[in-house]
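Every read-out reported here was derived from the displayed coordinates using simple, explicitly stated rules and does not represent laboratory data. The model shown is predicted, which means the values in this text are computed figures rather than measured ones. Ideal geometry is used to build each Cβ from the backbone, glycine not excepted, and the neighbour counts take in all protein chains shown.
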Amino acid sequence: MKSQPLPNKLTKLQIKKVNGLIDLVAQRQLIDFGNIISDIKADGTLITSCDRWSDATIVKGLSTITSKEGVLSEEGCQKVPNSSAYWVVDPLDGTTNFAAGIPYWAISMARFVDGKPETAFLDVPALKKRILAIRGQGVWLNGKQLTNQSRLSSKSACVSLCSRSIRILQRRPEKPFPGKIRLLGVSSLNMIGVAIGQTIAALEATPKIWDLASAWLILSELDCSIKWLDLDPSNLKAGQDLTTTSFPVLTASSVYELERLMPWGEILMSSWVDIQDHIN
């Protein structure tokens, strides 16, 4: 017998339970923050026992809140689940900051339906900020609904770059970079900074699906411009292993800013082989 499709939307009770799960994980992370030893994973990134605990706790919690929905997570299974609705989780985005005592990291959880994020939760424990986004309904920061007007009225001139995209500045020395550069060390927060008006653009060279899942919906709901520079995450297939798959992206507060930054996005992709060599 063919299984029934899973519900498109979470209920209010389910959203409340997910928020409670995030509260639990955030509380543990705040206790461990700056007081924990990190290890190096095979890909060269850092991991701590708190990353592992957070991942296991989130996966277990989601299994009771949405019982038939698979979970793809950075520290767990990295294959696209075969359920029509599933979760993409980064239990601790910004482990290097977290382990070093820098109060800038995030818990990212996004529920996908038919291949695209439908509900997203992004929590910044040290700053006591939580963002909820629901497809077609909007975005809320600590319960207050955000609009694109707050972003467009921002006077920011900052652009976030990831550490691997910083090399683009060396490729166009005859042109000044059109923004004040910020490297925050947290992919998800680099991108949502655009959505809430902290920055005018963000360029990410090697984000994985768990880095961008929540930010993708938040940006979309607030009418930010998104340009996938290589692969499009809308085309994920059940069973696809995303362990080493990156989705280079440029996002901006407006079409104007996107077009202004695109030459640097193009430089990034022209140096893609060099970046891959650096990773490997």
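Give me Val249, Val194, Val255 ranked fewest to most by other Cβ atoms within 10 Å of their Cβ, as a rough exposure proxy.
Fewest to most other Cβ atoms nearby, the residues stand as Val255, Val249, Val194.
What is the sum of charges, Lys and Arg at +1 and Asp and Glu at -1, for the other residues whose Cβ falls under 12 Å from the Cβ of Ser187?
-3
With the crude spin-label approximation of a point 7 Å out along Cα→Cβ, what separation in nm comes out for Leu30 versus Thr96?
Inter-label distance under the simple model: 2.7 nm.
Which of the lysines could be linked to Lys155 by a straight reach, that is with a Cα gap under 19 Å, when you skip same-chain ones fewer than 8 residues away?
Within the straight-line limit of under 19 Å, Lys155 reaches these lysines: Lys180.
Tell me, what is the FRET efficiency for Arg167 and Lys227 to the nearest 0.05, using R0 = 25 angstrom and their Cβ-Cβ distance as r?
For R0 = 25 Å, the calculated efficiency reads 0.85.
List the aspartates and glutamates whose Cα sits under 19 Å from the Cα of Lys227, skipping any in the same chain fewer than 8 residues away.
List returned: Glu204, Asp211, Glu257, Glu259, Glu266.
Between helix 209-221 and the chain, what is the angle of the helix's C-alpha long axis to the longest principal axis, kept within 0 to 90° and rounded to the nearest 10?
That helix lies at roughly 80 degrees to the long axis.
If Lys and Arg each add +1 and Asp and Glu each add -1, what is the summed charge of the other residues whose beta carbon sits under 13 Å from the beta carbon of Ser254?
Surrounding charge for Ser254 is 0.
Tell me the label-point distance for the pair Asn8, Asp39, using the 7 Å Cα-to-Cβ offset, in nm and rounded to one decimal.
Spacing of the two 7 Å Cα→Cβ label points: 4.3 nm.
With Cβ to Cβ distances under 14 Å as the rule, what net charge do the other residues near Tyr86 carry (K, R +1; D, E -1)?
Charge balance in the 14 Å sphere: +2.
Roughly what angle does helix 49-65 make with the longest principal axis of the chain, taking Cα atoms, 0 to 90 degrees, to the nearest 10?
Compared with the principal axis, the helix lies near 50 degrees.
Of the cross-linked pairs Lys60/Lys129; Lys175/Lys237; Lys9/Lys128, which ones have a Cα-Cα span greater than 30 Å in the structure shown?
Lys175/Lys237
Test of understanding: given the chain, find the longest segment containing no trypsin sites (Lys or Arg not before Pro) that are in a DSSP loop and have at most 15 other Cβ atoms within 10 Å.
172-236
At a Förster distance of 22 Å, what's the computed FRET efficiency of Gln240 paired with Asn19, Cβ-Cβ distance as r, to 0.05?
With R0 = 22 Å, the Cβ-Cβ based efficiency is 0.15.
Only one of the values [x] 117; [y] 151; [z] 126 was calculated from this structure for volume of the Cα convex hull per residue in Å³; name its label.
Checked against the structure: label [z].
Please determine, in degrees from 0 to 90 and to the nearest 10, the orientation of helix 255-270 with respect to the longest principal axis defined by the Cα atoms of the chain, where the helix direction is its Cα long axis.
Taking the Cα atoms of the chain, the angle to 255-270 is about 90 degrees.
Give the relative contact order (percent, whole number) for the range 149-279; include only Cα pairs under 8 Å separated by 6+ residues.
Value for the range 149-279: 27 percent.
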